[in-house]
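The values are calculated or read from the model by the stated rules, or taken from the named source; none is laboratory data. Predicted model, so just to flag it, every value in this text is computed and none were measured. Positions of Cβ are generated from backbone atoms using ideal geometry, with glycine treated the same way; all protein chains shown enter the neighbour counts. Keep in mind that these areas ignore ligands, DNA and RNA; they rest on the heavy atoms of the full protein, side chains included. Shrake-Rupley method; radii C 1.70, N 1.55, O 1.52, S 1.80 Å.
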Amino acid sequence: LHEHARYEVRDSLLSEEAVLGFEYGYSLASPKVMGIWEAQFGDFANGAQIPIDQFLASGEEKWGQRVGLTMLLPHGYDGQGPEHSNARPERFLQLCAEGNLTVANCSTAGQYFHLLRRQGLAEDSVPMVVFTPKSLLRDPRAASSVSELAAERFREVLVDDIEDDSAISRVILCTGKVYHDLADYRKTHQRNDVALVRLEQLYPFPRAAINAVRDRFTDAQFVWCQEEPRNMGAWTYALQRFG
């Protein structure tokens, strides 16, 4: 940190609505401060649904008040039960319109770092929701090199290195942690005909990057894969853009 910068971490009462409301107001009063609110698990954001709907998602449209508050909602089916798994990304994607939010689900430490850095450096940022699960914090598959942290930037879409594009018969689009499970399966079963494409940013939708992928694999079958049940996650959101 800069020698004159100040970094504060504060504990708070167990009320998602109260704390998020405070963070929203603090971000309005101190626009140069990067405010981050993290739920213990993303499911607990339901306790803050009113300020999410009435302020974060619509405050700029209603009152012309733009804030750069970041919400970290740990999300991922890691075997910890029904109230510790699903931050309901479909709920937040349904709130997205006219560039009012940024919604992301990163698969590597470097991407996570550069996403937060981009948010902090932006002159006029909007509220951001990040679904990266807790398990990736200690998963070696999500580790990044020093050079990736120091020299790279956030990329909205990641495509694995492929030796022969013509050999690809299926392109699997996904977001977040499930990518690593797919990559492990592909390696174990030697499925060299499958390309994995990660949407690290879901909204605003990275249309140009996805169109480039579609133009690259014109003869391949495109499918969407997610951990969540079909009526949850980003499936319906992705279906509108690929169906």
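The H on the amide N of VAL157, modeled in the peptide plane, is under 5 Å from the matching H of GLU200, each at least 5 residues off or on a different chain.
Looking at region 152-214, the GluC sites (Glu not before Pro) that sit in a DSSP loop and have at most 14 other Cβ atoms within 10 Å of their own Cβ are GLU163. Measuring nothing but protein heavy atoms, the accessible surface of the chain at 1.4 Å probe radius is 49 percent carbon and sulfur.
For the pair GLN54 and ASP139, label points projected 7 Å from Cα toward Cβ lie 3.7 nm apart.
Could you give the accessible area per residue of the chain, probe 1.4 Å, as a whole number in Å²?
Values: 13810 Å² over 243 residues.
Using a 1.4 Å probe on heavy atoms only, each residue of the chain averages 57 Å².
Using the rule -39500 (n - 2.57) for each DSSP H run of four or more residues, divided by the residues of the chain, the 222 nm mean residue ellipticity is -8500 deg cm²/dmol.
Which semi-axes, in whole Å and largest first, does the equivalent ellipsoid of region 128-227 have when worked out from the alpha carbon gyration tensor as the square roots of 5 times its eigenvalues? Write down the numbers at each step before the final one.
Values: eigenvalues 98, 59, 40 Å².
After scaling each eigenvalue by five and taking roots: 22, 17, 14 Å.
Straight-line reach from LYS32: taking Cα to Cα under 28 Å and skipping same-chain neighbours fewer than 8 places apart, the lysines in range are LYS62, LYS134. With both residues required to sit in the chain, DSSP beta bridges show an antiparallel share near 20%. Between ARG153 and GLU83, the FRET efficiency estimated from the beta carbon spacing at R0 = 30 angstrom works out to 0.25.
Taking 0.36 nm per intervening residue step and subtracting the Cα-Cα distance, what contour gain separates TRP63 from ARG6 on full extension?
Working: separation 57, 0.36 × 57 = 20.52 nm, distance 3.01 nm.
The TRP63-ARG6 span can extend by a further 17.5 nm.
Applying a DSSP loop filter and a limit of 13 other Cβ atoms within 10 Å to the trypsin sites (Lys or Arg not before Pro) in region 128-160 leaves ARG153. Across the protein chains, with a 1.4 Å probe defining accessible surface, the residues THR102, THR218 rank THR218, THR102 from largest area downward.
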